[in-house]
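Here's the structure, in structure tokens; my notes come after.
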Amino acid sequence: MERGAAVGEDLAERPAYLEGPGPRVYTVLHPARPPRRALLLVVPPFGAERERAYPTGVRWARRLAAGGVETLRFDYRGVGESEGDFEAMSFDDWKADAAAAARALRRRDPEIPLILHGLRLGGLLAAELFAEGTGDGLLLWSPPPSGREHLRELLRRNVSVEMTLRPERPPKPREAYVAELEAGGRVSVDGYVWTSRLWRDAEKLAPRTPEGDRRPFKRLDSRGPSRFWESGARLLPDTAELFAASESWIFGAWTCVRS
């Protein structure tokens, strides 16, 4: 097993698919500039927030890699560059994708810390994996209160977008979408088709704050101009404060991980 990046090693970003049964998960590895200090897995947002947060996630991964933290990004099956049908997937499937990506990253170097970094809904999935024993540290950026509350927030935002794009039409209220899902139907939200099964599964997805866990964790909320998961006038939101606080924790927490 490799240990650290050798002098002259190619540090170019490496897209690849994780091989396994069924649809494959697309990943991009950002090799660390030596010496390699830690591994970090970015567990991404859900649905259209993935596209809106994409530039921030790429900038963050490149910044970490330049500082010695080898970083892996991935897309859930049925989303982005990964294979699979979104409608056929569940939150359990996407949690399994994160677990597979964590295993692949851990194989890069099993002797240095592995950090799970959940963005938005990815924070709930990362926290579940962390509670089950995956990873040495947990970093959360603006996780929602619960899976169901997150879907309600996305529905509210979808109604606002529809009002902006089609002001001549009466908007379909959020509760109408909810009623369709509760009745077993499907609804289109930001280009993704939600099923009633997805709506039901979201109720089980609750935050698992690892209080009392000996492994370190950190939660940071992004407010104001740094709401990286929302579309707006700025393609690249100001995340300097969020990045700096996260780096301070990453590079300061590990004395208590490998003691």
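The values are calculated or read from the model by the stated rules, or taken from the named source; none is laboratory data. Since this is a predicted model, take the numbers as computed values, not measurements. Cβ coordinates were reconstructed from backbone atoms using ideal geometry, including for glycine residues, and neighbour counts include every protein chain displayed.
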- Which helices (runs of 4 or more DSSP H) does segment 97-201 wholly contain that include 2 or more residues that are closer than 25 Å to G57 by Cα? 121-131, 147-165
- When both residues are 6+ apart or on different chains and their Cβ atoms are under 7 Å apart, which pairs have a first residue that lies in segment 29-48 and is closer than 17 Å to D10 by Cβ and among the basic types (K, R), and a second that is at pLDDT 95 or above and outside any loop (DSSP other than H, G, I, E, B)? R33/A65; R33/A66; R36/E70
- Message: Condition first: within 15 Å of L129 (Cα to Cα) and of a type in the set (A, V, I, L, M, F, W, C). Now tell me which residues in segment 57-115 satisfy that.
- Response: F91, W94, A96, A98, A99, A100, A101, A102, A104, L105, L114, I115
- Considering every residue within segment 60-74, establish whether at least one is buried (at least 16 other Cβ atoms within 10 Å of the Cβ), out of contact with any Ser or Thr (no Cβ under 9 Å at 6 or more places or on another chain) and of a type in the set (F, W, Y). no
- Message: Only one of L29, L11, L64 is in contact with a strand residue (DSSP E or B) (Cβ under 9 Å, 6 or more places away or on another chain) and modelled with pLDDT under 95. Can you tell me which?
- Response: L11
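Please state which one of V42, V79 is part of a strand (DSSP E or B) and within 24 Å of W194 (Cα to Cα). Give the derivation first.
Details: V79 fails: part of a strand (DSSP E or B).
None of the other options fit; the residue is V42.
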